[in-house]
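The values are calculated or read from the model by the stated rules, or taken from the named source; none is laboratory data. These numbers were taken from a predicted model, which means no experiment stands behind them. Don't worry about glycine lacking a Cβ; one is built from the backbone with ideal geometry, like all the others, and counts go over all protein chains shown. Surface areas here come from the heavy atoms of the whole protein model, side chains and all, with no ligands, DNA or RNA. Shrake-Rupley method; radii C 1.70, N 1.55, O 1.52, S 1.80 Å.
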Amino acid sequence: MLTNPYIWHFAFHSIPALPEKLAQNNIRAYFDYCYDAISANPEAIPEPARNRYTASYTDPGALTQGFEFYRAFRTDTDDNNRSTDEISTPTLYLRGSSEGGNLADYATGFRNAGLTNLNTGTIESAGHFAPEEAPEQVWKAITSHLAQL
């Protein structure tokens, strides 16, 4: 993720203070770009949801906290590379079928980071925002996973 040029927003969001300055007065436009660019069906993320998500980030502190997730990636990567701990917590990783990247590559990365109880799944006809784009399929995958525990 740190070196993939198609995941440009990881590097952009990790720059201190810059993403906040550029997005703060244009939160809705910024989010709309993301929804439209990486969802399989942008219409699946309706106006009321987009409005709620935008409203939740209007406080500058909230926007900064959202970007802090990305700013922690380098530290997380270093910590994961140093750790020999195994993580046995049952984990389900779902990706939309229209997302870029290879599901098996992501699973390998998670396993290399210590996840020992990982299951994966693909949500058909969905992009990055699978819970919004295909909520029934996501819920079915979750409940099926839980039934196997």
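Each other residue within a Cβ distance under 12 Å of H128 adds +1 if Lys or Arg and -1 if Asp or Glu, for a net charge of -3.
Computed over the chain, the per-residue total of -39500 (n - 2.57) for DSSP H runs of n ≥ 4 gives a 222 nm mean residue ellipticity of -16500 deg cm²/dmol, rounded to 500.
Ligands, DNA and RNA left out, the 1.4 Å accessible surface of the chain is 54% carbon and sulfur atoms.
Per residue, the convex hull spanned by the Cα atoms of the stretch 1-134 amounts to 122 cubic angstrom.
Over all other residues within a Cβ to Cβ distance under 15 Å of R82, the charged ones net out to -4, with Lys and Arg as +1 and Asp and Glu as -1. Taking P16, P42, P131 in turn, the Gaussian network model of the chain (Cα-Cα springs below 10 Å) assigns the largest fluctuation to P16. Here the stretch 48-92 is treated as an ellipsoid with the same Cα gyration tensor; its semi-axes, largest first and in whole Å, are 31, 16, 6.
Computed extension gain for S83 through Q65, at 0.36 nm per residue and net of the alpha carbon distance, reaches 3.9 nm.
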